[in-house]
1. Tell me which strands (runs of 3 or more DSSP E) are completely within region 168-258 and hold 1 or more residues being within 16 Å of ligand 1 (Cβ to nearest atom) and touching a helix residue (DSSP H, G or I) at 6+ places or on another chain (Cβ under 6 Å), or say none if there are none.
2. Scanning for something assigned to a helix (DSSP H, G or I), acidic (Asp, Glu) and within 16 Å of ligand 1 (Cβ to nearest atom), does region 148-166 turn up at least one residue?
3. It is to be established whether one or more residues within region 77-99 are of a type in the set (Gly, Ala, Ser) and in contact with a Pro (Cβ under 8 Å, 6 or more places away or on another chain).
Amino acid sequence: MTARIDIPAIPVVKAPQTAEVLASLPVLSDAERAALVARIKRLLEEQDAVLIAHYYVDAEIQRLAEETGGYVSDSLDMARFGHEHPARTLVIAGVRFMGETAKILNPEKRVLMPTLEAECSLDLSCPAAEFVPFCDAHPDHTVVVYSNTSAEVKARADYVVTSSIAVKLVDHLRKQGKKILWAPDKHLGAYINSVTGADMLIWPGSCVVHDAFKADALAALKKERPGAAVLVHPESPAAVIALADAVGSTTQLIEAAKRLPNKEFIVATDSGIFYKMQQAAPEKTFLEAPTAGKGPSCMACAHCPWMAMNSLARVAVALETGANEIHVEEEIRRKALRATQRMLDFAKTLKAPVLGDA
Ligand code: 13P
Ligand code: SF4
């Protein structure tokens, strides 16, 4: 079956430059940083709060989540952990859809984020005002959306998935004879289509970070380093995926780094993941896959500008003032919960839902 791209024009997403975002954050001395970490630890305890971080945020936030009984993971496992943890407040260090997913699953909990400005180009490329009529125009399709979407888009979906289970869920639906309307990532959609052969209509969104990985430069780097294995997140273009030794979600790529015998890896995903990759395989070496442009001319330089907005200082302020609380309108939340809960239920039916799948 071929994948078709047959969609209304989507908004042009204007992303901030990662280097500018990082330059705008205050530089802290070691003493200031230590004081901030101590303050956050105290606030987490006082407020019955737990810190849940994505692999792409600042390594210091990831370390703090680990040290305080919180969690660092991919978007599926962040949702699961927050759902199962008894804390009254969830502090989600990541991007807005991750905070919204936490709220959709946990309406009784307070969900805070270090900043509400942390968007995602996939989410922004798929506004509900355009997506809903598109779905309505294709009533014979099962609507499967990536977790990187707004609560409103999830509310119109039949299923939500993350990259760790997307192939398996679509294949499961294909076996039931379903036609799929997939949104918003065109590269992930094309990848799922190439693996499953499902009949798919694909929304043409993309991730500003992964879309910038370059196959030609990657092939050249591979030649220079013949012993290196290539790890690729499936939000990358097909030509980059074609060069991969392992394709998978962030957790699956970390597992592949541990499992594969290679000593060196070229990694086509956000460089924030290197903190956990290095921890998982300390004797191995990780190199960034090449992106479009270099230095000031690259937009994201393999690091998401919105993930970069998460800082220790903002975690502290959110906890101290209750700022940046996530609210989802109840009617939307209830509808979005249906497809989001199906994601968790489907993940439960898989033998190895997250790990070792790459
Ligand atoms: P994961 O689901 O693999 O964590 O990916 C989320 C994401 O935003 C990747 O860019
Ligand atoms: Fe969205 Fe890409 Fe950033 Fe992930 S890395 S949050 S997909 S913009």
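1. Details: elements: 179-183, 200-202, 229-232.
Output list reads 179-183, 229-232.
2. To start, the set of residues in region 148-166 that are assigned to a helix (DSSP H, G or I) comprises 151-156, 166.
Imposing the further condition that a residue be acidic (Asp, Glu) reduces the set to 152.
Imposing the further condition that a residue be within 16 Å of ligand 1 (Cβ to nearest atom) reduces the set to none.
Among the residues of region 148-166, not one is assigned to a helix (DSSP H, G or I), acidic (Asp, Glu) and within 16 Å of ligand 1 (Cβ to nearest atom), which makes the answer no.
3. Looking for residues that are of a type in the set (Gly, Ala, Ser) and in contact with a Pro (Cβ under 8 Å, 6 or more places away or on another chain), one finds at least one in region 77-99, hence yes.
Yes/no matrix, rows are residues, columns are (1) modelled with pLDDT of 95 or more; (2) within 16 Å of ligand 2 (Cβ to nearest atom); (3) surrounded by fewer than 24 Cβ atoms within 10 Å (Cβ to Cβ):
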{"site": "Ser121", "(1), (2), (3)": "yes, yes, no"}
{"site": "Ala137", "(1), (2), (3)": "no, no, yes"}
{"site": "His141", "(1), (2), (3)": "yes, no, yes"}
{"site": "Val144", "(1), (2), (3)": "yes, no, no"}
{"site": "Glu152", "(1), (2), (3)": "yes, no, yes"}
{"site": "Ser163", "(1), (2), (3)": "no, yes, no"}
{"site": "Val167", "(1), (2), (3)": "yes, no, yes"}
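The values are calculated or read from the model by the stated rules, or taken from the named source; none is laboratory data. In this text the structure is predicted, and so the values were computed from the model without any measurement. Every residue, glycine among them, receives a Cβ derived from its backbone with ideal geometry; neighbour counts consider all protein chains shown.
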